[in-house]
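Q: This is the structure I want to talk about, given as structure tokens.
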Amino acid sequence: MKIDKLQKELTYYVNELEDLERSKNTIKTYSNSVNLFIDYLVANDIKSIDNDNIDSIMKKYRSYLKNKRNNTPTTRKRYLQDIIQFLKTLDFNINIELPKDSAQNKKIKYLNNEEIQEVLKTIPKSMIRDKAVIQTLYRTGLRV
């Protein structure tokens, strides 16, 4: 598929997303991701893509996002997912590994018992409601 046709297909894709009543932000995000990819193709003088070269191109693009644009793993994964979703509507078969989502690997930080007691000591006695909220969050494990 020629790159100029890819741009036309993106227009159809955006229209389809609008017809499906996706949010404006979702449509904008998808469109920006695919446009960035198309700009990459043009800048690297790639004239067309097909099922024979798409995996190679996507691997190079993944590397570009990491090394040239310095995107985080989460951002790279989102860009690639958006592009893959779009290309699948055009019957492309893409088999590349996506970056690990760093947010899934973060350890949850929590206050220990002494730290909670320090927080509770800072709440004036006249603010019973605030103290009750903090105790409820702590004792039930709720997040703010």
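Q: Of all residues in the stretch 9-38, how many are within 17 Å of TYR79 (Cβ to Cβ) and open to solvent by 60 Å² or more (accessible area, probe 1.4 Å)?
A: Of the residues in that region, 4 qualify.
Q: Would you please list the contacts, defined by Cβ atoms under 6 Å and residues six or more apart or on different chains, that run from a residue in the stretch 106-134 that is in a helix (DSSP H, G or I) to a residue that is aliphatic (A, V, I, L, M)?
A: ASP130/ILE123; LYS131/ILE123
Q: Give me a count of the residues in the stretch 39-88 that are open to solvent by less than 90 Å² (accessible area, probe 1.4 Å) and free of Cβ contacts under 8 Å to residues at least 40 places away in the same chain.
A: Number satisfying all stated conditions: 24.
The values are calculated or read from the model by the stated rules, or taken from the named source; none is laboratory data. Small disclaimer: the values here were computed from a predicted structure and weren't measured. Virtual Cβ from ideal backbone geometry, glycine too; neighbours counted across all protein chains shown. We work out accessible area using only protein heavy atoms, side chains counted, and drop any ligands, DNA or RNA first. Shrake-Rupley method; radii C 1.70, N 1.55, O 1.52, S 1.80 Å.
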